[in-house]
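Written below as structure tokens is the structure these notes are about.
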Amino acid sequence: MCELSRREELLLLARCKPEEAADLMLALEDKVSELEGRLKLNSTNSGKPPSSDGLQKPAPKSLREKSARKPGGQPGHPGYTLKQVETPDHTQTHRLETCPCGQCGGVSLKGVPPVDYERRQVFDLPPMRLEVTEHRAEIKRCPVSGLSVRAAFPADVEAPVQYGAHFRGLMLYLSNQQILPFDRLRQVCKDLFGQPLSAGTLATINARAGEALAPVEAAIIKAITQSPAVHADESGLRVAGKLHWLHVASTSLLTFFGVHGNRGAEAMDALGVLPHCLCWLIHDFWKPYLKYDALHALCNQHLLRELKFLFEQCGELWADKLTRFLLDWKNDPRARDGLEEDVFDKAHAQYQRIIREGRLKHPRREPGHGRPKQTKAANLLDRLEDYDYCILAFLLDPNVPFTNNQGEQDIRMIKVKQKISGCFRTLDGAQCFARIRGYLSTCRKQGFNLWDACFQAAIGAPFMPTLPESAQTT
């Protein structure tokens, strides 16, 4: 039903029979409730992003429980204080030639050997400049054939003028890890090295690294499909002026990114990761995920936001009880190793009692033609009933986390890249960036230094990530 002004509502009611007017009034009340509910949605009680809140930000109210820990670094935290090294690159000795004690009149100490040294170290950068190495290949004439012959250049010296591997690695690091847009990256090169960078050079550097990373991406995909739990998420991405979708499949040690023109199962099938995942697949209840034969676990953080809305804006007491239930079990030490069957059965029974309490107010409506639209509470209760084991999966298996935060965190920085630089101009460029970013994310998770990882990619010998034993033996 379209939105009506108060005058239009009254005119419409005046034309109706009494029994029709009653039905129309109920429909209008439902519509008003729905529209009021939309106005109350924000980033804290729904899946809306914080950027949609506008200037009227909701008062912060975290779903996290208070802990007994004090703010700041915790005991045992390693810290990152600058420390002296045993073997410095350079050493300067400051000689003591006259005595400053004040009692000897400044006697000469030139011939007195030192008894010890006090050490202070300064960490600094060398002068920032590009070093130019000229490669000269000898040309000689064969004394037998009389032909002119030339010595071979190194394999990585391919053109009369080119950038070296360290510079190319730095460009990969700044553009793909620190996500500097091209104009700022060109300014950095001009300010630091006196050498502005062209867009074509940067595109070539990224394209060559993307080609070198193809086998690494294949190994990451294989390892992800054999992991006990995989996080999946997707988000919109502008490519060549059109809406595309960025898909992520990841674990705590591996990350795969893929770009496709579609959001649903067609894209997931084409990217070739999720169809082969047969263990736990953790997601936020996007329906196309459910077509796969994996074990499904739903993100409870999304669920908590929906429950928060129903309790705070609609007065649904059962929603608050379910929130307490989920958070209590999240923090229960017994859940870390998976519950015993009898303990899980008791928890599941408590879960079902809370759902039945909500059903007293929102009974399930039988399927049929022309049935009226359900409320948000009724729709959520349907999901809570139909996917109860998916919601409580974190109590069944210690490999299943409470939320899908891993997938959401992995996808976040590529969204930041889009906000900084705008859309990708070509699909090839977007896919190349996604492959490089997946490699860097995996290297970060596995403890590789990202500067070294970029240098290795620039010379065509990228790090191969550590794979689970199951992926190594198949």
Which of the residues belonging to the range 130-178 are within 31 Å of the chain's Cα centre (by Cα) and of a type in the set (Lys, Arg)?
ARG168
Within the group LEU237, LEU243, LEU281, which residue is under 19 Å from GLN226 (Cβ atoms), in a strand (DSSP E or B) and in contact with a strand residue (DSSP E or B) (Cβ under 7 Å, 6 or more places away or on another chain)?
LEU281
Looking at LEU170, is it assigned to a helix (DSSP H, G or I) and either among the hydroxyl-bearing types (Ser, Thr, Tyr) or in contact with a Leu (Cβ under 9 Å, 6 or more places away or on another chain) (or both)?
no
Going by the structure shown, is ALA270 assigned to a helix (DSSP H, G or I), in the same structural domain as TYR389 (by TED's automatic domain parsing) and at pLDDT 95 or above?
no
Determine whether the range 412-419 contains at least one residue that is touching a residue at least 24 places away in the same chain (Cβ under 8 Å), assigned by TED's automatic domain parsing to the domain that holds LEU254, under 30 Å from SER441 (Cα atoms) and β-branched (Val, Ile, Thr).
yes
Would it be correct to say that LEU339 is assigned to a helix (DSSP H, G or I) and either surrounded by 15 or more Cβ atoms within 10 Å (Cβ to Cβ) or on the phi > 0 side of the Ramachandran plot (or both)?
no
Could you list all residues from the range 241-260 that are of a type outside the set (A, V, I, L, M), surrounded by fewer than 17 Cβ atoms within 10 Å (Cβ to Cβ) and either under 19 Å from ARG412 (Cβ atoms) or free of Cβ contacts under 8 Å to residues at least 40 places away in the same chain (or both)?
LYS242, SER252
What is the one condition in (1) over 21 Å from the mean Cα position of the chain (by Cα); (2) of a type in the set (A, V, I, L, M); (3) surrounded by 16 or more Cβ atoms within 10 Å (Cβ to Cβ) that LEU278 does not satisfy?
(3)
Complete set of residues in the range 200-234 that are free of Cβ contacts under 8 Å to residues at least 40 places away in the same chain and charged (D, E, K, R)
GLU211
Cross-chain or 6+ apart pairs with Cβ under 8 Å, the range 105-128 first and closer than 30 Å to THR81 by Cα, then surrounded by 10 or more Cβ atoms within 10 Å (Cβ to Cβ) and aromatic (Phe, Trp, Tyr)
MET128/PHE193
Out of (1) surrounded by fewer than 16 Cβ atoms within 10 Å (Cβ to Cβ); (2) closer than 26 Å to ARG353 by Cα, what's the single condition that is false for GLN446?
(2)
Residues (modelled with pLDDT under 95 and of a type in the set (Phe, Trp, Tyr)) located in the range 168-182:
PHE182
Of the conditions (1) in contact with a Phe, Trp or Tyr (Cβ under 9 Å, 6 or more places away or on another chain); (2) among the polar types (S, T, N, Q); (3) not in a helix (DSSP H, G or I), THR466 satisfies every one except a single condition; which number is it?
(1)
If you go through the range 363-413 one residue at a time, how many are part of a loop (DSSP other than H, G, I, E, B), buried (at least 16 other Cβ atoms within 10 Å of the Cβ) and modelled with pLDDT of 90 or more?
9
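The values are calculated or read from the model by the stated rules, or taken from the named source; none is laboratory data. All of these numbers come straight from a predicted model, not from anything done at the bench. With ideal geometry, Cβ positions are generated from the backbone for all residues, glycine too; neighbour counts draw on all protein chains shown.
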